[in-house]
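Below is one structure; the comments refer to it alone.
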Amino acid sequence: MIIILLGPPGAGKGTQAAALVKRFEVPHVSTGDIFRANLASGTPLGLEAKGYMDRGALVPDELTVRMVGERLRLPDASAGCLLDGFPRTAAQAEALEELLTTLGRQVDVCLQLDVPNDELVTRLSGRRVCRGCGAGWHVSYAPPPADFVCPHCGGSIGQRADDAEAAIKNRLQVYHEQTSPVASWYAAKGRLKTVPGLGSPSDVEAALAQAMS
Ligand code: AMP
């Protein structure tokens with residue numbers, strides 16, 4: 001089963017991805033997480049991606065597609081995977097289709113989370129994450145501990161560079177200009193299901209389950 005989870009930054013893809021991978025027993029392939037892991041360990045890929053990531057721009061397609069190709073060839077992805085944050089351009093969607101054809105596979109469904117722009121800005125600007133384990137908080141809805149020390153791993157809690165106001169604006173604009181065509185691409189192939197990303201995480205989880213049934 002190959003599932004794509006599509007949605008603007010702040011739509012709740014990370015939360016829903018965790019539920020979907022548990023349900024379908026496939027690995028979670030998040031291109032944002034892979035870039036961040038490379039950045040944290042200072043690999044050439046991470047250093048190349050950093051400038052783009054910090055200003056909320058997309059990392060070039062060629063680099064991203066190559067990285068996903070390597071990931072999908074790992075043994076744990078042989079039964080499928082959940083793609084989170086990829087494809088993000090029509091060219092990436094084309095490249096993924098070609099890659100999967102060479103592997104004798106195809107995308108089963110593209111799930112799109114739909115959230116209004118003003119709600120996305122509120123969610124992203126208040127988001128705080130642990131730099132150690134990635135656990136998340138929100139300054140208004142789920143405030144982090146006063147000492148900004150993660151209760152799970154002891155890491156420091158802070159704001160992602162790309163959750164700064166200017167980067168948020170840029171990321172949302174990039175999403176609407178470059179990633180919205182990906183939804184149209186899968187819709188044309190009859191493989192797109194759109195679900196409202198509002199309400200509690202379990203409401204959204206139920207809506208996704210219904211869309212897939
Ligand atoms: P995310 O955590 O998915 O919002 O990704 C964080 C950042 O990683 C994005 O703002 C981009 O700079 C980069 N990135 C993640 N996925 C992709 C992708 N499919 N194509 C290009 N850049 C990406």
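Some points to look at:
- All told, Glu98 meets the bar of being of a type in the set (D, E, K, R) and modelled with pLDDT of 95 or more.
- Cβ-Cβ distances below 7 Å connect the following pairs, each with a first residue in the stretch 114-133 that is farther than 23 Å from Lys193 by Cα, a second residue that is in a helix (DSSP H, G or I), and a separation of six or more residues or different chains: Val121/Ile168; Leu124/Asp163; Leu124/Ile168; Ser125/Asp163; Ser125/Glu165; Ser125/Ile168; Arg127/Asp163.
- Tally, over the stretch 22-39, of residues that are part of a helix (DSSP H, G or I) and within 13 Å of the ligand (Cβ to nearest atom): 9
- Scanning the stretch 185-213 for residues that are under 26 Å from Phe35 (Cα atoms) and of a type in the set (Ser, Thr, Tyr) gives a single hit, Tyr186.
- The residues in the stretch 85-113 that are without any contact (Cβ under 8 Å) to a residue 24 or more places away in the chain, away from the ligand (no atom under 15 Å from the Cβ) and within 15 Å of Tyr186 (Cα to Cα) can be counted, and the count is 1.
- Test: residue in the stretch 34-44 that is in contact with a strand residue (DSSP E or B) (Cβ under 8 Å, 6 or more places away or on another chain) and touching a residue at least 12 places away in the same chain (Cβ under 8 Å): no
- The residues of the stretch 185-213 that are of a type in the set (A, V, I, L, M) and in a helix (DSSP H, G or I), listed by number, are Ala187, Ala188, Val204, Ala206, Ala207, Leu208, Ala209, Ala211, Met212.
- Considering the stretch 54-72, and only residues there that are outside any helix (DSSP H, G or I) and modelled with pLDDT under 95, the residue that is nearest to the ligand (Cβ to nearest atom) turns out to be Leu58.
- Scanning the stretch 147-179 for residues that are surrounded by fewer than 18 Cβ atoms within 10 Å (Cβ to Cβ), aliphatic (A, V, I, L, M) and not in a helix (DSSP H, G or I) returns Val149, Ala164.
- Against the conditions (1) within 11 Å of the ligand (Cβ to nearest atom); (2) more than 26 Å from Tyr186 (Cα to Cα); (3) over 17 Å from the mean Cα position of the chain (by Cα); (4) in contact (Cβ under 8 Å) with a residue 24 or more places away in the chain, Gly51 satisfies every one except (4).
- Selection status of Val182, buried (at least 19 other Cβ atoms within 10 Å of the Cβ), in a helix (DSSP H, G or I), of a type in the set (A, V, I, L, M) and out of contact with any Gly (no Cβ under 9 Å at 6 or more places or on another chain): yes
- Test: residue in the stretch 68-84 that is touching a Phe, Trp or Tyr at 6+ places or on another chain (Cβ under 7 Å) and without any contact (Cβ under 8 Å) to a residue 40 or more places away in the chain: yes
The values are calculated or read from the model by the stated rules, or taken from the named source; none is laboratory data. In this text, all values refer to a predicted model and were calculated from it rather than measured experimentally. Counting neighbours? That spans all protein chains shown, and the Cβs are built from the backbone with ideal geometry, glycine included.
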